[in-house]
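Q: Sharing a structure here in structure tokens format.
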Amino acid sequence: MSTEVLISLLSFGGTLLLVLTGLLNFSVFLRQLRAARDQLETVRRQLESARQQPEIQLVQRAMTETSDHLKILIERPYLRPYFYDNKLWKEGDRASGDEVKAMAELLLSNFASAIIHSAAFPQYPVRGVEQTIRFHLRNSPALRDFLLENFDRFQLAGLALVCLKNDTKAEAERDLSALLATPDMDETERARRERLLSYLRDTDQVDAFDLAKCSLEHARSQSLGAGRREKTAQTA
């Protein structure tokens with residue numbers, strides 16, 4: 001074999017080896033590119049999941065707050081008529097008065113929490129909660145009585161609960177007027193009830209959750225004002 005032929009074969013072999021090496025490197029590059037793309041997709045999904053997590057948690061909280069009482073009703077089905085069928089409690093009933101009041105307190109506390117969450121977070125599934133609260137308030141004397149007897153305990157959600165309890169704005173105004181006539185009320189609570197009644201009278205359209213937002217914003221402004229006054233007093 002001549003030297004020229006050998007050199008040609010060696011050159012061809014070297015070129016072929018370079019091509020094969022290039023193809024192998026390109027194959028490795030493609031696998032790395034696909035792996036990087038898969039990692040980016042995984043990160044994107046994680047970010048999307050993280051973005052949706054607060055909304056998911058709010059939905060889960062709404063479901064819990066408006067259905068947490070069901071497990072008690074399963075254990076004590078004799079309580080159900082007091083919260084679904086407008087049944088009044090009376091002496092001699094299987095349920096004790098304390099059981100009915102405790103159940104009413106649990107329901108109203110959960111409903112108040114749902115209302116406050118709906119006022120603070122626009123993602124909260126508000127309308128489904130509204131219908132649930134309205135149904136129970138209008139089908140349970142125990143809930144209505146507990147709300148009016150303990151109105152001072154519902155500082156942020158009280159006005160919304162009163163509006164959901166009633167069919168009309170005039171009925172809600174009558175409830176607030178009656179609450180103002182409660183004896184032995186401290187001046188702070190009296191002022192709050194007067195403010196709520198005045199606000200309700202001046203409002204054209206009554207939306208329970210808009211009213212809750214107003215109560216929440218008022219509480220925030222009061223808290224900020226108190227903080228500024230305290231800071232001013234400290235620096236004086």
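Q: Report the gain in length on full extension from ARG174 to SER109: 0.36 nm times residue separation, minus Cα-Cα distance, nm rounded to one decimal.
A: Result for the pair: 21.1 nm of gain on full extension.
Q: Sticking with this structure for a sec: To make sure I understand the rule: partners must be aspartates and glutamates, Cα under 19 Å from the Cα of LYS71, and not fewer than 8 residues away in the same chain. Which ones qualify?
A: Partners within reach: ASP85, ASP98, GLU99, GLU105.
Q: Hey, another quick one. What's the ranking of 186-194, 77-85, 159-167, 113-121 by average number of surrounding C-beta atoms within 10 Å, highest first?
A: Details: 186-194: 13.0, 77-85: 15.9, 159-167: 23.6, 113-121: 21.6.
The packing order, highest mean first, is 159-167, 113-121, 77-85, 186-194.
Q: Kirkwood hydrodynamic radius, computed over distinct alpha-carbon pairs, for segment 68-166: how many Å, to one decimal? Display every interim value, and only then the final one.
A: Details: mean 1/r = 0.0725 Å⁻¹.
Computed over segment 68-166, the radius equals 13.8 Å.
Q: Hey, rough spin-label estimate for GLN131 and ARG201, points 7 angstrom out along Cα→Cβ, what's it come to in nanometres?
A: A separation of 3.5 nm, rounded to one decimal place.
Where a number appears in this text, it was derived from the coordinates with a stated rule and is not lab data. From a predicted model like this one, the values you see are computed outputs, not experimental measurements. Don't worry about glycine lacking a Cβ; one is built from the backbone with ideal geometry, like all the others, and counts go over all protein chains shown.
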